[in-house]
Amino acid sequence: MDAESLLLSLELASGSGQGLSPDRRASLLTSLLLVKRDYRYDRVLFWGRILGLVADYYIAQGLSEDQLAPRKTLYSLNCTEWSLLPPATEEMVAQSSVVKGRFMGDPSYEYEHIELQKVNEGEKVFEEEVVIQIKEETRLVYVIDQIDKAVAIIPRGALFKTPFGPTHVNRTFEGLSLSEAKKLSSYFHFREPVELKNKTLLEKADLDPSLDFMDSLEHDVPKDGVSLLLPRLECNGTISAHRNLHLLGSGSWSIQMERGNALVVLRSLLWPGLTFYHAPRTRNYGYIYVGTGEKNMDLPFML
């Protein structure tokens, strides 16, 4: 969610339990504007909060004028002082993917993982246990990167791609219509396309290259209109399940119309805690993640 409309955005997302205390809101309003000024970002997004056992990580991201350029990620433990995280590397992904369980809330905390490595001594080859230490800050980079790639989304038309390549905010975007807002095809992954590159020229014939240049959510998994048990993050950080009798969408997304069809809400079942909101026929949209940083590995059994 855009830092400049933080209060409105938090209000729109409040139905999912993603609330912040008045003190936290006030601190974010001030500090994120300073982050934008000091780092000279075009936009700053409040990404969300990863819940730790000792403390929580508040996450923000800075965007350049090219909206699809690599985003800069920062974290804070108090919503006032922000630290810049390094970009995710293949080494970070390989190391952090083996770490399971909750975050502690201490960036200097080290996880220990035992790996079996082959050792050569002359003609003999044997396996030796090696203890690998992984800092929580490294894991934080990895989890944010995974969530961004999988479930960070925007509505169709919010960005446009120029003939010269850069992607900019579409100042003429006035929101999706009510009928469009109910379709997964109206939402894109907020990252460089992956599936779009595999489409044939015939499949791309009906696409507008200035607007349809990212992967649509409708192709995440086959569509499914059944009712599921949806994980919901409560204000106290616990995750409960509730049955939604008005579920639209697909096996990894739910779409709900709230406030008398004045607000559309998408929730990720793959990463419980990710909520996207959009008020149809307005420019108000955004997403926020508030969760434990753990992927729902049981999703295939929920379908």
Q: Counting only trypsin sites (Lys or Arg not before Pro) that are in a DSSP loop and have at most 10 other C-beta atoms within 10 Å, tell me the longest site-free stretch of the chain.
A: 172-303
Q: Pop out the carbon and sulfur fraction of the accessible area of the chain as a percent, whole number, probe 1.4 Å.
A: 53 percent
Q: Give me the lysines in straight-line cross-link reach of K135: C-alpha distance below 29 Å, same-chain residues under 8 apart excluded.
A: K36, K72, K100, K118, K149, K295
**Q.** Among E136, E90, E121: highest mean-square fluctuation, GNM of the chain, C-alpha pairs under 10 Å
**A.** E121
Q | Average accessible area per residue (Å²) across the range 105-156 - probe 1.4 Å, nucleic acids and ligands excluded | A | 60 Å²
Q | Three-way shape call for the range 80-169 based on the alpha-carbon gyration tensor, with the a/c threshold at 1.5 | A | prolate
Q.
From zero outward in steps of 10 Å, how is the percent of C-alpha pairs of the chain spread across the bins?
A. 6, 25, 34, 23, 8, 3, 1, 0
Q | Theoretical FRET efficiency, 1/(1+(r/R0)^6), r = Cβ-Cβ of L29 and V169, R0 22 Å, to 0.05 | A | 0.60
(Q) Taking the 0 to 90 degree range and rounding to the nearest ten, how far is the long axis of helix 136-151 tilted relative to the main principal axis of the chain, both from C-alpha atoms? (A) 30 degrees
**Q.** Cα long-axis angle, helix 22-39 against the chain (0 to 90 degrees, to the nearest 10)
**A.** 80 degrees
Q: Multiply the residue separation of H113 and E65 by 0.36 nm, subtract the distance between their alpha-carbon atoms, and state the gained length in nm to one decimal.
A: 13.3 nm
Q | Computed lengthening from E81 to L8, 0.36 nm per intervening residue step minus Cα-Cα distance | A | 24.0 nm
Q: Grab the beta carbon distance between D298 and D208, set R0 = 30 Å, and tell me the FRET efficiency rounded to 0.05.
A: 0.20
Q: Mind grabbing the accessible area of T30 for me, 1.4 Å probe, Å², rounded to tens?
A: 80 Å²
Q | Selection from G101, Y111, V131, by position along the positive dipole direction of the range 85-137 (Cβ) | A | G101
Q | Lys, Arg +1 and Asp, Glu -1 on Cβ, resulting dipole of the chain about Cα centre, debye, nearest 20 | A | 1260 debye
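The values are calculated or read from the model by the stated rules, or taken from the named source; none is laboratory data. From a predicted model like this one, the values you see are computed outputs, not experimental measurements. We place every Cβ from the backbone using ideal geometry, glycine too, and count neighbours over all the protein chains shown. Remember, those area values only see protein heavy atoms, side chains included, never the ligands or the DNA or RNA. Shrake-Rupley method; radii C 1.70, N 1.55, O 1.52, S 1.80 Å.
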